[in-house]
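To keep things clear, I will list the structure first and then write my remarks on it.
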Amino acid sequence: MGKPSDLVQGTLDLLILKTIALEPMHGWAIAKRIQQISNEVLQVQQGSLYPALHRLEQQAWIRAKWSETETGRQAKFYSLTAAGRTQLEREKQSWSRLSNAINLVVENV
């Protein structure tokens with residue numbers, strides 16, 4: 001069995017976009033929310049998270065703004081752009097197709 005931190009290739013973008021869809025969040029909070037919502041199964045490491053955030057920002061799917069955290073520290077808060085909302089819908093549809101196909105193989109082979 002794979003390590004709990006293993007993510008299916010390409011799902012990190014979907015998880016990040018979905019996580020910040022409701023409110024802007026800083027990187028550590030994004031990782032903690034994914035871990036929390038997945039019942040501690042998914043753990044996004046900093047070495048994966050921050051390059052993904054940078055890539056999503058370069059693609060203009062998210063924007064970053066420096067702001068103060070709840071503890072008084074400065075951090076980049078990430079939020080979805082209009083293009084990011086469109087991409088989130090594409091990613092969700094793609095994930096649905098992929099997960100349905102995998103379920104078909106797992107359940108029927």
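Numbers for the structure displayed
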{"read-out": "Integer Hz, Karplus 6.51/-1.76/1.60 couplings in order for region 48-57, x for Gly and Pro", "value": "9, 5, 5, x, 5, 4, 4, 4, 5, 5"}
{"read-out": "Solvent-accessible surface (1.4 angstrom probe) belonging to S94, in square angstrom, nearest 10", "value": "50"}
{"read-out": "Rounded to whole Hz, the Karplus (6.51, -1.76, 1.60) HN-Hα couplings of region 19-25, x for glycine and proline", "value": "5, 9, 5, 8, 7, x, 9"}
{"read-out": "Extension gain, E107 back to E23 (0.36 nm per residue minus Cα-Cα distance, nm)", "value": "26.6 nm"}
{"read-out": "Charge-dipole axis of the chain as Lys and Arg at +1 and Asp and Glu at -1 on Cβ define it, positive-most pick from T86, G10, V109", "value": "T86"}
{"read-out": "For the chain, calculated [θ]222 nm from helices alone, where every DSSP H run of n ≥ 4 adds -39500 (n - 2.57)", "value": "-18000 deg cm²/dmol"}
{"read-out": "Cα-projected label distance for A82 with Q36, points at 7 Å along beta-carbon direction, nm", "value": "3.1"}
{"read-out": "E89 accessible area, 1.4 Å probe, all protein chains in place, Å² to nearest 10", "value": "90"}
{"read-out": "Debye log10 I(q)/I(0) for the chain, one point scatterer per Cα, at q = 0.10 Å⁻¹", "value": "-0.31"}
{"read-out": "Leading residue at positive end of dipole, the chain (Cβ point charges), from M25, W66, V44", "value": "W66"}
{"read-out": "Region 1-98: trypsin sites (Lys or Arg not before Pro) falling in loop per DSSP and having at most 11 other Cβ within 10 Å", "value": "R73"}
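The values are calculated or read from the model by the stated rules, or taken from the named source; none is laboratory data. Since the model is a prediction, treat every value here as computed from it, not as a measurement. So basically every Cβ, Gly included, is an ideal-geometry build from the backbone, and we count neighbours across all protein chains shown. We work out accessible area using only protein heavy atoms, side chains counted, and drop any ligands, DNA or RNA first. Shrake-Rupley method; radii C 1.70, N 1.55, O 1.52, S 1.80 Å.
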